[in-house]
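This report concerns only the one structure given below.
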Amino acid sequence: MNTPGWRALLAAALLLLYAFAEHYSNSNPALGPLGASLAVAPLVLAAWFAAGRAPHPLLATALLAALLSALLAHFWVQIVHNYPLMYLLQQLGAYLLLALAFGRSLLPGRTALCTQWADLLHGPLPPAVQRYSRNVTVAWTVYFLVVAALNLLLFMAAPLRVWSLFTNFASPALGLLLFFGEYTLRHYLLPPRHRVSLAATVRAYLHASDRGAAPRG
């Protein structure tokens, strides 16, 4: 059994289930407690993972649990009434951070993020592959910025259900379309040696990170 493959499928299934649950709560204002619980869940998970990486994880987790419990008890009513805004802020934060990570690697004197990943697999890269991978980095940066802008615009101007459909399903679908489109284009523009899958790229990146050779910003 391919354990990493099953983990990826499980993660994708959980994300899809979360998206459906989030859209269901957004489409039914009476489900405020459910929407609020779903809205705070990613923040709680992120804090839990951060505490697990602290020098004293048990102490950090205990303190964090006490702090989060106090904050949620104090602000729960406001969260229940404003959970779509929490969804929006999380989405905007995620897309803008990704845009920053990709975009800052395009600055003078830096190496484009996709170029770094390609170099981890089979560097040094010829100039044509460097240009191509840099253009791919530009494309992903634009995608993250456009999706963030559309997210905010639809939240402000469209019915909540329409915004929820976009943020939960349309924007990830656009990301998949961009990925598979680039993957197809890669087979026409690059030599066979550089036609690698996303899975191979991610594995190479994680392997390099474990060895202290993560891509340069």
Practice item. Divide, for the range 3-210, the radius of gyration over alpha carbons by 2.2 N^0.38 Å, where N is the residue count. Key: 1.19
Review point. To the nearest 500 deg cm²/dmol, what mean residue ellipticity at 222 nm is calculated for the chain from DSSP H runs of n ≥ 4 alone, each contributing -39,500 (n - 2.57), summed and divided by the residues?
Key: -27500 deg cm²/dmol
Revision key, fill the gap. Comparing 130, 116, 78 in a Gaussian network model of the chain (Cα, 10 Å), the one with the largest mean-square fluctuation is 78
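None of the figures in this text is laboratory data; all of them are computed from the coordinates on show. In this text the structure is predicted, and so the values were computed from the model without any measurement.
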